[in-house]
């Protein structure tokens, strides 16, 4: 991408604003488009320097807005099946995502982490490990800071770790991390990707531009990823981790010990009881983080020290407080059934579970089955509550209650909870419809808990 290009940025949210600022900083001209005609144009313009070469287009995108446009940068939340995308493609304009734009402009070494669940925790942990060893480190992506926001700050000495979603990978072109990780693949976002085959292919595309000199970290316990890691088409060096199998090469669990096997010899690295993170899924996240950080050149002594000190990220099985012997946990990031299953398994006592939200087309059978006598009550919110309640009854679970909002859900749980119980927000659904995002949902839950 050359300077002084005219670029259409689709989506006026956090990602789009950040992309537009980066393009303007590089000397480009921007057309910022959003299909929401009710957005306030002066407020959008206030996000940029006065007199910046930017035009706002809201509502319908007409062909005249594409005059002179040589590139479209599309925000990850916009489906590539949206009608205006066909207009852009019909005009022969290439489409990049925010991730691709940032990568094109950034410098230094890059690690990228994807997977259905565990991305945020693993990315945050890798970020802390890298910061303990390198001077100039950036932690970006779905974790909250758009990659485009810091791309021009990076140098040849910088080290960046990015949490990467399937939506971002859809529009990556020459994106090339030195170390990549795919933590797991379970059904999610099928309303966007339609089939598991498509979803899997998008996740695996994180390795598309990697070479034999790079590293790809994969979950051996995931059958899809095990086959992918053993395929001849995969060019980077594969490093497996497993919480269930003893591996001849890679990282695995032996009792409470994380082991590293290499060259026919296995050595214990650490006891997971020395960590602050709960649950088997977090043992997997830690093993993946160790493998990525090792591939990025960090000594094992530094890695293990940081792992032992690291605390859970906000909204991911986050301990809030203990009241009258009842522990409250915020797992608002559990936006699909598999993530919510991991939270249920991680709880140290009987559970009163708050679930429900926006319907992404998920099936809830395995989630309900995972309760296994550990969930005392299920309190449901949002669009999916009838669907989940019906699924629960089909599996013989009848202790189901409805709540109209988060405050009522928390109050109901507090009323029925006994000393030794855990109240867990782990919705198994997206937050849209009732909340702006999972972060707002988690913050409101915590506010409600503290107000009891």
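Quick notes on this structure:
- Residue-level check: of (1) buried (at least 24 other Cβ atoms within 10 Å of the Cβ); (2) touching a helix residue (DSSP H, G or I) at 6+ places or on another chain (Cβ under 8 Å); (3) assigned by TED's automatic domain parsing to the domain that holds residue 444, residue 398 misses just (1).
- Residue check for residue 388: modelled with pLDDT of 95 or more, part of a helix (DSSP H, G or I) and either farther than 20 Å from residue 312 by Cα or in contact with a helix residue (DSSP H, G or I) (Cβ under 7 Å, 6 or more places away or on another chain) (or both): yes
- Being at pLDDT 95 or above, outside the structural domain of residue 336 (by TED's automatic domain parsing), crowded, with 20+ Cβ neighbours inside 10 Å and within 13 Å of residue 116 (Cβ to Cβ) is a description that applies to residue 181.
- Scanning segment 347-367 for residues that are touching a helix residue (DSSP H, G or I) at 6+ places or on another chain (Cβ under 9 Å), in contact (Cβ under 8 Å) with a residue 60 or more places away in the chain and not in a strand (DSSP E or B) yields 356, 357, 359, 360, 361, 362, 363, 364, 367.
- Checking residue 370 against (1) touching a helix residue (DSSP H, G or I) at 6+ places or on another chain (Cβ under 6 Å); (2) surrounded by fewer than 17 Cβ atoms within 10 Å (Cβ to Cβ), the condition it does not meet: (2)
- Residues in segment 278-294 that are out of contact with any helix residue (DSSP H, G or I) (no Cβ under 7 Å at 6 or more places or on another chain) and outside any helix (DSSP H, G or I): none.
- Per the conditions (1) surrounded by fewer than 19 Cβ atoms within 10 Å (Cβ to Cβ); (2) assigned to a helix (DSSP H, G or I); (3) in the same structural domain as residue 184 (by TED's automatic domain parsing), the sole criterion not satisfied by residue 297 is (2).
- Residue selection: residue 226 satisfies the criterion of being free of Cβ contacts under 8 Å to residues at least 40 places away in the same chain, within 22 Å of residue 116 (Cα to Cα) and surrounded by 15 or more Cβ atoms within 10 Å (Cβ to Cβ).
Listed here are the residues, each with its yes/no results for (1) out of contact with any strand residue (DSSP E or B) (no Cβ under 6 Å at 6 or more places or on another chain); (2) farther than 14 Å from residue 93 by Cβ.
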residue	(1), (2)
9	no, no
13	yes, yes
17	yes, yes
22	yes, yes
27	yes, yes
32	no, yes
51	yes, yes
56	no, yes
66	yes, no
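- Here residue 57 fulfils each of the conditions (1) on the phi > 0 side of the Ramachandran plot; (2) free of Cβ contacts under 8 Å to residues at least 60 places away in the same chain apart from (1).
- Residues of segment 86-127 satisfying the condition of being touching a residue at least 24 places away in the same chain (Cβ under 8 Å), surrounded by fewer than 18 Cβ atoms within 10 Å (Cβ to Cβ), in contact with a strand residue (DSSP E or B) (Cβ under 9 Å, 6 or more places away or on another chain) and part of a helix (DSSP H, G or I): 104
- Residue check for residue 144: assigned by TED's automatic domain parsing to the domain that holds residue 292 and modelled with pLDDT under 95: yes
- Of all residues in segment 339-352 being closer than 16 Å to residue 316 by Cβ and crowded, with 22+ Cβ neighbours inside 10 Å, the one that is farthest from the chain's Cα centre (by Cα): 347
- Among residues of segment 241-256 that are assigned by TED's automatic domain parsing to the domain that holds residue 277, those with a Cβ under 6 angstrom from a residue that is part of a loop (DSSP other than H, G, I, E, B) and exposed (fewer than 14 other Cβ atoms within 10 Å of the Cβ), sequence gap 6+ or separate chain, pair up as 252/246.
- Every residue from segment 417-436 that is more than 18 Å from residue 346 (Cβ to Cβ) and surrounded by 15 or more Cβ atoms within 10 Å (Cβ to Cβ): 429, 430, 431, 432, 434, 435
The values are calculated or read from the model by the stated rules, or taken from the named source; none is laboratory data. In this text the structure is predicted, and so the values were computed from the model without any measurement. Backbone-built Cβ (ideal geometry, glycine too); neighbour counts: all protein chains shown.
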